[in-house]
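Here is the structure we will look at.
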Amino acid sequence: MLQLVDFFSFRQRGGLQEPTGGDRERLLLPGLNVPRSTVNQQGSPVTAVNVMNLPGLNTLGISLARIDFAPNGGLTPPHTHPRGTEFLVVLEGTLAVGFVTSNNDNKLFAKILYPGDVFVFPQGLIHFQINIGHQSAAALAGLSSQNPGVITIAKAIFGAKPPISDQVLAKAFQLDKSIVDQLQAKFLMNSN
């Protein structure tokens, strides 16, 4: 059982004692300061810190992620967090970010962010971030859930297993079925 610091006892004892045994691993995840390689399809790896890799977050209702962006277009593609609001703090670089409100307005709220800027993405709304600068960018995202979930829109739609009917998607996106088939094939190929 993880024991949390009793701040009254903390003052009486004259300071914090080093966690012992398994508590240290439950409370510490080192290395978030290290940039990750941006060599992937989107040019933007996400390093998640949640209850799965930092058990000390259990029942606290929070999680964190570091996002590194390749220069000139590193992208966190349109996605949503069904169980958490996200706030993003830009550490370095220049990001264009935005979210879309729900039906029927579908209004885009978008901003250009610079180091030190903070932007909020409300729970469940589709949002994105893209590096519009010529240098690498990095941000920290805080989330209001220990397990906020993530649904990447294009991957969920075109990469569903088994696939969503191309007739359904063609009608929904007002596309020719051959285009839908190409998109589904691309996402199926990239998921292996």
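The values are calculated or read from the model by the stated rules, or taken from the named source; none is laboratory data. Only a predicted model underlies this, so the values are computations on that prediction, with no experimental measurement involved. Here Cβ is always computed from backbone atoms with ideal geometry, including for glycine, and neighbour counts include all displayed protein chains. Calculation scope for accessible area: heavy atoms of the full protein, side chains included, ligands and nucleic acids excluded. Shrake-Rupley method; radii C 1.70, N 1.55, O 1.52, S 1.80 Å.
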Across the range 90-118, which residue is farthest from the chain's Cα centre (by Cα) among those that are closer than 15 Å to ARG66 by Cα and either open to solvent by less than 40 Å² (accessible area, probe 1.4 Å) or of a type in the set (Lys, Arg) (or both)? GLY93
Check on ILE132, touching a helix residue (DSSP H, G or I) at 6+ places or on another chain (Cβ under 8 Å) and either surrounded by 17 or more Cβ atoms within 10 Å (Cβ to Cβ) or at pLDDT 95 or above (or both): no
So is GLN123 within 14 Å of the chain's Cα centre (by Cα), open to solvent by 30 Å² or more (accessible area, probe 1.4 Å) and over 19 Å from LEU143 (Cα atoms) or not? no
Yes or no: the range 177-189 includes at least one residue that is open to solvent by less than 50 Å² (accessible area, probe 1.4 Å), over 13 Å from the mean Cα position of the chain (by Cα), of a type in the set (S, T, N, Q) and not assigned by the TED database to the domain that holds PHE87. yes
Residues of the range 152-176 that turn out to be charged (D, E, K, R), assigned to a helix (DSSP H, G or I) and open to solvent by 100 Å² or more (accessible area, probe 1.4 Å), as a count: 2
Would you mind stating whether LYS171 is out of contact with any helix residue (DSSP H, G or I) (no Cβ under 7 Å at 6 or more places or on another chain), of a type in the set (Lys, Arg) and free of Cβ contacts under 8 Å to residues at least 12 places away in the same chain? yes
Out of (1) open to solvent by less than 50 Å² (accessible area, probe 1.4 Å); (2) of a type in the set (Gly, Ala, Ser); (3) part of a strand (DSSP E or B), the one GLY149 does not meet is (3)
Of those in the range 47-66 that are without any contact (Cβ under 8 Å) to a residue 40 or more places away in the chain and open to solvent by 40 Å² or more (accessible area, probe 1.4 Å), the residue farthest from HIS79 (Cα to Cα) is ASN53
Taking PRO78, is it under 25 Å from ASN190 (Cα atoms) and under 15 Å from the mean Cα position of the chain (by Cα)? yes
